[in-house]
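Let me begin by presenting the structure, written as structure tokens, before commenting on it.
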Amino acid sequence: MTPIRALQILPILLFGLTGCQDALDSVSNKVEHPLPAKLVNKMKAHDMSTRSPIMMRIFKEEGVLEVWKQKGNGRFDIIASYEICKWSGKLGPKFKEGDRQAPEGFYRIYPAQMNPKSSYYLSFNMGYPNSYDRSYGRTGTNLMVHGACSSAGCYSMTDEQVLEIYGFARDAFKGGQEYFLVEALPFRMTPENMARHRDSEHFEFWKMLKVGYDHFELTKRPPKVEVCDRQYVFNQIPQIENAAFQANAACPPASVPTTLAYAYNAYEKSWNQEFAKAVAKFDGQEARQIAANEAKAEAEALRAEREAAIQARIAANGGQSPAAVPVLSLFATGNPLKALTAGPAPAAPLSTPAPTAAAASDAPAGQAEPDPNLGGIPVPVPVPNPVASGQVAATQAPAQAAQPNKPFWKIWSSN
């Protein structure tokens, strides 16, 4: 390469290295990494400040973490939704240390719970166990939302996702938010979802969480969450000034604001009607499934019984196939399965031997007579052949005289 050409390429290389270095610097400074421009523009379009308060919702079954942000009118709107990379355990709350169960409930996240030096890229501690969990003696530590896509009781995101989630929280705290709420729920608490899980051991617990979920759906403002009498209560205004809510104590006299109470009552009435419809639908589906399972079980039992009968017939027939049983005799009995188990097959062949003078029937010619070789099926007595008997000349015989000994069923089938 000539020196001139090298000088021409050098600025391009330096520019490329500078660009990579800028990117690396921005990621290495992950704690202060700014939110992407597309999110900033989206916030502006929805009348949100980058430092306005936030709230998060987690839905286990859907595997989604939502970030909601306050608008200029004080109500919240969703600004971002992320697919959870991993969460451990199953639907239901966490009970004890080591059960590898991701928690469910309402958790406050304060600035001290943010972990910029997390081993999982970035994280924040969910604050489990909260006062509700502790009132039931539940244990556990270091339950987080973090990066690295690895979970042992946490809600794990990708590094790129948690970089944005952490940024939302950081900016809200910079804007003066005291804490933000995380609603960790088993699923979206719709009538259909609740009806699907109505037989769960956690159903009563979920009904309690649903009140807070419903209040947010109605108001689009994070509910004020307290714990008393070992229960979550939402948006309660004490009737006595400075009355305290204590997890293990009786709830103080309190009530929900009147407008919210009216709205919630109407909402619950409609919700309960939809829930009843969903239950009826699932009950019908379950009834049909039960009927289908029973029919399948009966068919399997009949198949097994038939197979056992065939094997018994083979054993009784000296190991020979039960195919030796005359087919017509099976249907003559009216019960093919009974015929298979009735005993050894008759020795006589299925075809009817040609009539002889010694075996002539007493029945008039052309009339039916039971044939023991065919299980008692009536068989027409053969009509004497006039040609064979010499009664008429061969030239005067009808067409069928050319085949005097052909069995009646072959004549019938040929016609």
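The values are calculated or read from the model by the stated rules, or taken from the named source; none is laboratory data. Being a predicted model, the structure only gives us computed values, none of them experimental. No Cβ is skipped: glycine too gets one built from the backbone with ideal geometry, and neighbour counts run over all protein chains shown.
The table below gives the values:
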item	result
All positions within the stretch 253-307 that are among the aromatic types (Phe, Trp, Tyr) and in contact with a Pro (Cβ under 9 Å, 6 or more places away or on another chain)	Trp271, Phe275
Checklist (1) crowded, with 20+ Cβ neighbours inside 10 Å; (2) in contact with a Lys or Arg (Cβ under 6 Å, 6 or more places away or on another chain); (3) at pLDDT below 95 applied to Pro129, failing item	(3)
Single residue of the stretch 82-121 satisfying the filter (small (Gly, Ala, Ser) and part of a loop (DSSP other than H, G, I, E, B)) that is nearest to Lys30 (Cα to Cα)	Ser118
Subset tally (residues that are at pLDDT below 95, surrounded by 13 or more Cβ atoms within 10 Å (Cβ to Cβ) and either of a type in the set (Ser, Thr, Tyr) or more than 28 Å from Asp199 (Cα to Cα) (or both)) for the stretch 242-294	1
Selected residue (criterion: nearest to Phe282 (Cα to Cα)) from residues of the stretch 189-205 that are surrounded by 15 or more Cβ atoms within 10 Å (Cβ to Cβ) and in contact with a Leu (Cβ under 9 Å, 6 or more places away or on another chain)	His197
Condition broken by Ile79, with the remaining ones in (1) assigned to a strand (DSSP E or B); (2) surrounded by fewer than 16 Cβ atoms within 10 Å (Cβ to Cβ); (3) of a type in the set (A, V, I, L, M, F, W, C) satisfied	(2)
Cβ-Cβ under 8 Å pairs, at least 6 apart or on other chains, the stretch 60-74 side within 18 Å of Phe173 (Cα to Cα), far side of a type in the set (D, E, K, R) and surrounded by fewer than 15 Cβ atoms within 10 Å (Cβ to Cβ)	Trp68/Asp77; Lys69/Asp77; Lys71/Asp47; Lys71/Asp77; Gly72/Asp47
From the options Phe124, Phe168, residue that is outside any strand (DSSP E or B) and either touching a helix residue (DSSP H, G or I) at 6+ places or on another chain (Cβ under 6 Å) or closer than 20 Å to Val64 by Cβ (or both)	Phe168
Criterion (of a type in the set (S, T, N, Q), closer than 20 Å to Val182 by Cα and over 31 Å from the mean Cα position of the chain (by Cα)) met by exactly one of Thr259, Thr219	Thr219
Residue match in the stretch 73-83 (condition: β-branched (Val, Ile, Thr), at pLDDT 95 or above and in contact with a Gly (Cβ under 8 Å, 6 or more places away or on another chain))	no
Residue under evaluation Gln70, criteria (1) surrounded by 10 or more Cβ atoms within 10 Å (Cβ to Cβ); (2) at pLDDT 50 or above; (3) in a helix (DSSP H, G or I), criterion not met	(3)
Evaluation of Ile165 against (1) in contact with a Leu (Cβ under 8 Å, 6 or more places away or on another chain); (2) without any contact (Cβ under 8 Å) to a residue 24 or more places away in the chain (one fails), failing number	(2)
Residue identified as closer than 14 Å to Tyr110 by Cα and not polar (S, T, N, Q) among Tyr166, Tyr136	Tyr166
Subset of the stretch 171-188 that is of a type outside the set (S, T, N, Q) and more than 37 Å from the chain's Cα centre (by Cα) - its residue that is surrounded by the most Cβ atoms within 10 Å (Cβ to Cβ)	Ala172
Extreme residue, surrounded by the most Cβ atoms within 10 Å (Cβ to Cβ), among residues of the stretch 206-232 that are closer than 18 Å to Thr258 by Cα and of a type in the set (Asp, Glu)	Asp214
Hey, Leu91 crowded, with 20+ Cβ neighbours inside 10 Å, in contact with a His (Cβ under 8 Å, 6 or more places away or on another chain) and not β-branched (Val, Ile, Thr) or not	no
Residue that is surrounded by the most Cβ atoms within 10 Å (Cβ to Cβ) [pool: residues in the stretch 132-154 that are at positive phi, in contact (Cβ under 8 Å) with a residue 12 or more places away in the chain and of a type in the set (Gly, Ala, Ser)]	Gly153
Any hit, the stretch 177-198, residues being under 21 Å from Cys251 (Cα atoms) and in contact (Cβ under 8 Å) with a residue 24 or more places away in the chain	no
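Residues are listed down the side, and each one gets a yes or a no for (1) under 17 Å from Gly212 (Cα atoms); (2) among the charged types (D, E, K, R):
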position	(1), (2)
Phe234	yes, no
Glu241	no, yes
Phe245	yes, no
Ala263	yes, no
Lys269	yes, yes
Asp283	no, yes
Glu300	no, yes
